[in-house]
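So the structure is just underneath, and the comments pick up after that.
The values are calculated or read from the model by the stated rules, or taken from the named source; none is laboratory data. The structure displayed is predicted, hence computed values, not measured ones. With ideal geometry, Cβ positions are generated from the backbone for all residues, glycine too; neighbour counts draw on all protein chains shown.
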Amino acid sequence: MRALASQFVKFGIVGAAGFLVDVAVLMFCMKIFGMGPYGGRLISFFVAATMTWIGNRLFTFRGLGGGKAHIQWAKFVSVSGGGFVLNYGAYAALVASVPLVHAHPPLGVAAGSIAGMFFNFFMARRHVFR
């Protein structure tokens, strides 16, 4: 149980860094490329998922789930698909229905990240880093 809790805390740390990347890329896409909050979020999520895979590979689940990195990355991104549905669904619903979140998309990113975090942790632990 202690190992599980330790992994979850590490996963949360990596996830917090991923959140910052997610927000930074989203804002960059919106401000620099003129993308809307939905298209920009698709790109930011993909970049953040890649960054969190690296962090989880090197920190959270170090030494687990060996094999070729590109195959592990593909598994991680695939498994994260379920978390993405929860994450992006919460984000999109809030951006569309809550004026404050529409005006400040990072609030939606935070809510979406929390919605997908538990799913992603257990799926990554079970199917990617075992």
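From the list Val21, Val14, exactly one residue is modelled with pLDDT of 95 or more, of a type outside the set (D, E, K, R), within 18 Å of Gly108 (Cα to Cα) and surrounded by 14 or more Cβ atoms within 10 Å (Cβ to Cβ). Which is it? Going through Val21, Val14 in turn, just one is modelled with pLDDT of 95 or more, of a type outside the set (D, E, K, R), within 18 Å of Gly108 (Cα to Cα) and surrounded by 14 or more Cβ atoms within 10 Å (Cβ to Cβ): Val21.
Total residues in the stretch 54-82 satisfying the condition of being over 20 Å from Ile13 (Cα atoms) and among the β-branched types (Val, Ile, Thr): the figure is 1.
Tell me which helices (runs of 4 or more DSSP H) are completely within the stretch 55-128 and hold 2 or more residues being among the polar types (S, T, N, Q), or say none if there are none.
On the way: elements: 69-97, 99-103, 105-127.
Once the helices (runs of 4 or more DSSP H) in the stretch 55-128 are filtered for at least 2 residues that are among the polar types (S, T, N, Q), what remains is 69-97, 105-127.
Scan the stretch 64-84 for residues that are closer than 15 Å to Phe45 by Cα and more than 16 Å from the chain's Cα centre (by Cα) and report the count. Looking only at that region, the number is 0. Scanning the stretch 5-32 for residues that are without any contact (Cβ under 8 Å) to a residue 40 or more places away in the chain and either over 21 Å from Val101 (Cβ atoms) or touching a Phe, Trp or Tyr at 6+ places or on another chain (Cβ under 8 Å) (or both) yields a total of 5. Restricting the stretch 60-80 to residues that are of a type outside the set (A, V, I, L, M) and surrounded by 14 or more Cβ atoms within 10 Å (Cβ to Cβ), the residue that is modelled with the lowest pLDDT is Gly65.
Restricting attention to the stretch 93-100, does a residue exist that is among the small types (Gly, Ala, Ser) and either modelled with pLDDT under 95 or in contact with a Lys or Arg (Cβ under 6 Å, 6 or more places away or on another chain) (or both)? Looking for residues that are among the small types (Gly, Ala, Ser) and either modelled with pLDDT under 95 or in contact with a Lys or Arg (Cβ under 6 Å, 6 or more places away or on another chain) (or both), one finds none in the stretch 93-100, hence no.
Only residues that are aromatic (Phe, Trp, Tyr) and at pLDDT 95 or above were counted in the stretch 24-52, giving 2.
Only one entry in Val109, Val95 is without any contact (Cβ under 8 Å) to a residue 60 or more places away in the chain, over 18 Å from Phe8 (Cα atoms) and buried (at least 22 other Cβ atoms within 10 Å of the Cβ), namely Val95.
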